[in-house]
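These notes are about the structure you will find just below.
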Amino acid sequence: MEIPTSLIEHTIHRGTIIHFYGFTDIDHGKFFVVVGVNADCLVGFFFINSSINRMIFGKQRLLDMQYPMKQTDYPFLRYDSFLCATNIMTIEKGVLAADIASGTASIVGEMKAAHLSELISAARKSDYSRHSPAALWREEVARDDAGHGARHQRVQERSQGSR
């Protein structure tokens, strides 16, 4: 049975972790974490990398935006990894949902609420958030009966309280 992409779109929200094989300039599957969805259904995300790129060693501002992700917290990872929060990437939500429906991408988990809160708070304060669509840093509106919107609103309120 094929799941309609409109239903899949409801599962894509801040904190969703996706494994994706469809990047044209990357020859392997990549994990990424959704950090926001704006009103135009543009999904913003950060890549998860297996290690920190050695090109940024010696650049403290870039190193500060490497968020560790332990394999014990995220069992789909083969080893401890790093989320690179220096460059927000975007993809249209409908396109991503279609890729999930076709098998080019799959939802593999959720970022832990405390980790997500720390990440969003640090990213909002960084110089790098200036270069991304501002609406991606605001919270998503409640969209479904599963409580995702309410849960994500609470994460946003906690992260704003730590500013």
Listed by first then second residue, the pairs whose first member lies in region 77-96 and is part of a helix (DSSP H, G or I), whose partner is at pLDDT below 90 and open to solvent by less than 30 Å² (accessible area, probe 1.4 Å), with beta carbons under 9 Å and at least 6 positions apart or on separate chains, are LYS93/VAL37; LYS93/VAL43; VAL95/VAL43; LEU96/VAL43
Within region 74-95, the residues that are among the acidic types (Asp, Glu) and surrounded by 14 or more Cβ atoms within 10 Å (Cβ to Cβ) are ASP80
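Are any of the residues in region 81-90 of a type outside the set (Val, Ile, Thr) and over 21 Å from LYS125 (Cα atoms)?
yes
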Of all residues in region 1-55, how many are under 15 Å from ILE91 (Cβ atoms), assigned to a strand (DSSP E or B) and either among the polar types (S, T, N, Q) or free of Cβ contacts under 8 Å to residues at least 24 places away in the same chain (or both)? 3
Region 59-73 - residue that is part of a loop (DSSP other than H, G, I, E, B) and open to solvent by less than 70 Å² (accessible area, probe 1.4 Å) and, of those, modelled with the lowest pLDDT: MET65
Would you mind stating whether ILE56 is surrounded by 15 or more Cβ atoms within 10 Å (Cβ to Cβ), more than 17 Å from the chain's Cα centre (by Cα), modelled with pLDDT under 90 and more than 12 Å from PHE32 (Cβ to Cβ)? yes
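Can you name the residue in region 97-128 that is assigned to a strand (DSSP E or B) and over 13 Å from PHE20 (Cβ atoms) and is also least open to solvent (accessible area, probe 1.4 Å) among such residues?
Taking region 97-128 as the starting set, the residues that turn out to be assigned to a strand (DSSP E or B) are 105-110.
The next check asks that each one be over 13 Å from PHE20 (Cβ atoms); those that pass are 109-110.
Values: GLY109: 20, GLU110: 72 Å².
Of everything passing the filter in region 97-128, GLY109 is least open to solvent (accessible area, probe 1.4 Å).
The values are calculated or read from the model by the stated rules, or taken from the named source; none is laboratory data. The structure presented is a predicted model; accordingly, all values stated were derived computationally and were not measured. Note that we place each Cβ from the backbone using ideal geometry, even for glycine, and neighbour counts take in every protein chain shown. Heads up: the accessible areas ignore ligands, DNA and RNA and are worked out on the full protein's heavy atoms, side chains in. Shrake-Rupley method; radii C 1.70, N 1.55, O 1.52, S 1.80 Å.
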